[in-house]
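K.L.:
Quick one: this structure, given as structure tokens, is what I'll be asking you about.
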Amino acid sequence: MQEDSRQKRTRPPLQFVPSTLIAVFAIVALVGLGMQRGLWAFMVLAPFGAAAAFNLPALGGATIGVLDLGAVTLFCMVLLTRGMMSSLLGTFRPFGPGFWLACAIVVAGISAIFYPVLFAGQTEVFGIARQEGEGRIARYPLGFSTGNITQLFRLVLDFFTFAALATAFRRQSEVRPVLTALAVATTVNFTLGWLDVATAKFGLTALMEWLRSANYSMHITDTMAGMKRMIGGFPEASTFGYFSLGLFGFWLQYWLLAPGSRLSRWMLALATISVIRSTSSAAYLALVVFLVTFGLYLILRNLRAEASRRSIVLVFGGLIMGWVLVIAIAASYELVQPVTDFLDRALFNKMDSDSGVERMSWNTQAMQNFYDTYGLGAGVGAVRASNWLIACLASVGVIGTFFFLAFLASLGMAPSRPGWDPRAVVVKSLKAGCLAMLCAALLTHPTPDFGVFFFALAGLIAGLSRALALESRPAGTTTT
């Protein structure tokens, strides 16, 4: 016993791991090239969701991911750049996306610190219980825990990412760095996905262990209908699918608006393969929801007189192809046993599985937490659900949820020029990427946190759209 306690006291506060080198390389490139030219160095970290920059054994084995460290670096670069402070303040002008996000973060901070104490013991919550660095879902009476601080920290990282990119791209609104960065992220994500499958196929999973250094549960050996689930650089198939879906949404919209781009065709193909090969039922369902939503939007837009012939052909051709695909899947489900097994496991029997029943119980208890706390919420990090909206209501209550929804709405309404302005095309594509991730989050996300990558896309939307708005103003108009 004395030896165990001595080991706990001597745990290092910071534990560097092999994947630390990835973070160091990216940060050096980012600082050396600058925010715009070096954006790819930040985005290249996004597919490494299971890679730690370093671990914190003294804090229960908490992990600072490589992308987390990149987010802090971005914000520090903005703070240390001469003349950026006024632009940073302008990012949070009243009733813009930055304003609503700042309000949401303030409410989240208050909820994380005070609500678990205020409502301690008045309701039971599902949360992550950590023991010796390993986490498991457990039900226990509400009370303050390290989860409140870690989840608040994650939201602060989101805030830093949004603020830095929205500020940097307001004044120097070039789109080539954005396309380069997302192309790099898409290619790396696709490559890591197939390396994961190949190393598992040939019994060489040890080759990727140095990338899986975060203190998360790693679902390396999971299969579905005899097929290895692709997780790439992430801990599990669902997070790999979530990230890939955001890339898919971006490249789908960009391909539609910039039909002559070879880059868009290749990147859309890589992102599509990544989503489909993930074997994530959450990603599949979110993909259907996104495509239906996106298709309805295109139909409504194409009712206008200025609709292009290409868009009309794509919409109605897509509807016909979708109908043929549904018939083909239905026939295969009835006639081909491997297809039957796969679809049953991935979709049709999902809600009856142990996982599906467990996730529904999270949502039921989260709504009970919302009622037990009189609509204020139990605090960020105190509740785990399986639906982003329910997680928001149970964590930050009506007020915080309103601010988050206002933030999303302001992103959707961010101005972009009509026609084929390159920045307007990228802004619309970034919106599609956020919409795809939102569709996934509304179906399965356990907390109010969309993730750093989502807020990176959101920051680029805010920055580029603001630059377009400033350019359209009459000369001599004062702006912030």
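The values are calculated or read from the model by the stated rules, or taken from the named source; none is laboratory data. Bear in mind that the values here come from a model prediction, so they are computed numbers and not experimental data. Heads up, the Cβs are rebuilt from the backbone with ideal geometry, glycines too, and the neighbour counts pull from every protein chain shown. Just the protein is used for accessible areas: all its heavy atoms, side chains included, with ligands, DNA and RNA removed. Shrake-Rupley method; radii C 1.70, N 1.55, O 1.52, S 1.80 Å.
K.L.:
Test of understanding: among 171, 212, which residue is of a type in the set (D, E, K, R), closer than 30 Å to residue 424 by Cβ, in contact (Cβ under 8 Å) with a residue 12 or more places away in the chain and open to solvent by 20 Å² or more (accessible area, probe 1.4 Å)?
P.N.:
Matching residue, one of 171, 212: 171.
K.L.:
Considering (1) under 30 Å from residue 33 (Cα atoms); (2) buried (at least 16 other Cβ atoms within 10 Å of the Cβ); (3) among the hydroxyl-bearing types (Ser, Thr, Tyr), say which one residue 191 fails and leave the rest.
P.N.:
(2)
K.L.:
Right, here's the next one. Scan segment 30-87 for residues that are of a type in the set (A, V, I, L, M) and either touching a Lys or Arg at 6+ places or on another chain (Cβ under 6 Å) or in a strand (DSSP E or B) (or both) and jot them down.
P.N.:
50, 52, 53, 56, 58, 62, 64
K.L.:
Could you check segment 141-168 and list, in sequence order, the residues that are within 21 Å of residue 61 (Cα to Cα) and either modelled with pLDDT under 70 or open to solvent by 10 Å² or more (accessible area, probe 1.4 Å) (or both)?
P.N.:
Once the filter is applied, which keeps residues that are within 21 Å of residue 61 (Cα to Cα) and either modelled with pLDDT under 70 or open to solvent by 10 Å² or more (accessible area, probe 1.4 Å) (or both), segment 141-168 yields 143, 144, 145, 146, 147, 149, 150, 151, 152, 153, 154, 156.
K.L.:
May I ask you to say which residue of 221, 180, 191 is in a helix (DSSP H, G or I) and in contact with a helix residue (DSSP H, G or I) (Cβ under 8 Å, 6 or more places away or on another chain)?
P.N.:
Only one candidate passes the filter, namely 180.
K.L.:
Please count how many residues of segment 360-379 are open to solvent by less than 40 Å² (accessible area, probe 1.4 Å) and touching a Gly at 6+ places or on another chain (Cβ under 8 Å).
P.N.:
Final tally of qualifying residues: 5.
K.L.:
Considering (1) farther than 28 Å from residue 195 by Cα; (2) within 18 Å of the chain's Cα centre (by Cα); (3) open to solvent by 40 Å² or more (accessible area, probe 1.4 Å), say which one residue 69 fails and leave the rest.
P.N.:
Result: residue 69 passes all but (1).
K.L.:
Let me ask something else about it. Please find, within segment 237-284, the residue that is farthest from residue 199 (Cα to Cα) out of those that are open to solvent by 30 Å² or more (accessible area, probe 1.4 Å), modelled with pLDDT under 90 and within 17 Å of the chain's Cα centre (by Cα).
P.N.:
Looking at residues that are open to solvent by 30 Å² or more (accessible area, probe 1.4 Å), modelled with pLDDT under 90 and within 17 Å of the chain's Cα centre (by Cα), I get 284.
K.L.:
Could you please find all residues in segment 88-106 being open to solvent by 20 Å² or more (accessible area, probe 1.4 Å) and assigned to a helix (DSSP H, G or I)?
P.N.:
89, 99, 100, 102, 103, 105, 106
K.L.:
Residue under question is residue 20, and the condition is that it be touching a residue at least 12 places away in the same chain (Cβ under 8 Å), within 20 Å of the chain's Cα centre (by Cα) and more than 27 Å from residue 167 (Cα to Cα); does it hold?
P.N.:
Against the criterion (touching a residue at least 12 places away in the same chain (Cβ under 8 Å), within 20 Å of the chain's Cα centre (by Cα) and more than 27 Å from residue 167 (Cα to Cα)), residue 20 does not qualify.
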